[in-house]
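What follows is one structure encoded as structure tokens, with my remarks underneath.
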Amino acid sequence: MNNVSAVGLPGGLSGGLSTGQDDPEPDSPGAGARADLAGFETDIQCDDTRWHPYLDMVEMRLGALAHMLALPAHGEVSVKLTDDTQIEALNTRFRGKAAATNVLSFPAQDFAAPMAPNALPETPFSLGDIVLAFDTLAREAESADKDFADHLAHLLVHGLLHLLGYDHQSDAAATQMETKETALLAKLGVGDPYAAAHADADKADRKGAQ
């Protein structure tokens, strides 16, 4: 799971990524689709047909998250639904890491810390761009025996929180971000994605204390 420290993706998603984040974690019927759910707008670019069954879900999830986070109606987030090849190109270009990853976030706003309620602009603005790779998400979901839609919901939450200034650069920051993710996902009806990792850590701690 990755965020890009540079503010904004040059040209935005609609401008085309081909011309123109720490480690984990085209035309189509959905290209350019816009949702105005909960007021906050979502601009989706889909360039891989495998995403088509999930387009409505992405819109609905982001609309629900915007409502939960009280994001204003004059704001927008852009989402690119792509594959390993394109996300690897972005990861190489912007992070110097020649490998595919699950999610990249390109913030358009420069929050030094998690966004405060009064920190968002009062005029129309973009939070930035979230990029998701179908191949990596599918592999991770299968490997962890997770439902793909639940894993996708987690990465949408994770990517959106990065745009709002959350990160996992320190243990304290990671704990804060994970706690926020878990709470938001619970409201979406998705279980704690970190439960297994926390259980393993607790087991290791108990074993080390013996």
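Values quoted throughout were computed directly from the atomic coordinates according to the rules given, and no laboratory measurement underlies them. Just so we're clear, the structure is a prediction, and the values are computed from it rather than from any experiment. Cβ: placed from backbone, ideal geometry, glycine included. Neighbour counts: every protein chain shown.
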Asp150 to Thr85: FRET efficiency via 1/(1 + (r/R0)^6), r the Cβ-Cβ distance, R0 30 Å, to the nearest 0.05?
0.75
What nm value, rounded to one decimal, do you get for the distance between Ala64 and Glu122 when each label is placed 7 Å out toward the C-beta?
3.4 nm
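Once the piece of chain linking Asp56 and Ala99 is laid out straight, how much longer is it, given 0.36 nm per residue of separation minus the C-alpha distance between them? Mind dumping the intermediate values first?
On the way: separation 43, 0.36 × 43 = 15.48 nm, distance 2.86 nm.
So the chain would gain 12.6 nm between Asp56 and Ala99.
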Using the Kirkwood radius over C-alpha pairs as Rh, can you work out the diffusion coefficient of region 83-125 via Stokes-Einstein at 37 °C, viscosity 0.692 mPa s, in µm² per second?
262 µm²/s
Per the Cauchy relation, a quarter of the hull surface: what is the mean projected area of the convex hull of the alpha carbons in region 117-204, in nm²?
7.3 nm²
Per the rule of 0.36 nm per residue minus the C-alpha distance, extending Ala172 to Thr92 adds in nm 26.0 nm
More than 18 angstrom apart: percent of Cα pairs within region 40-190
58 percent
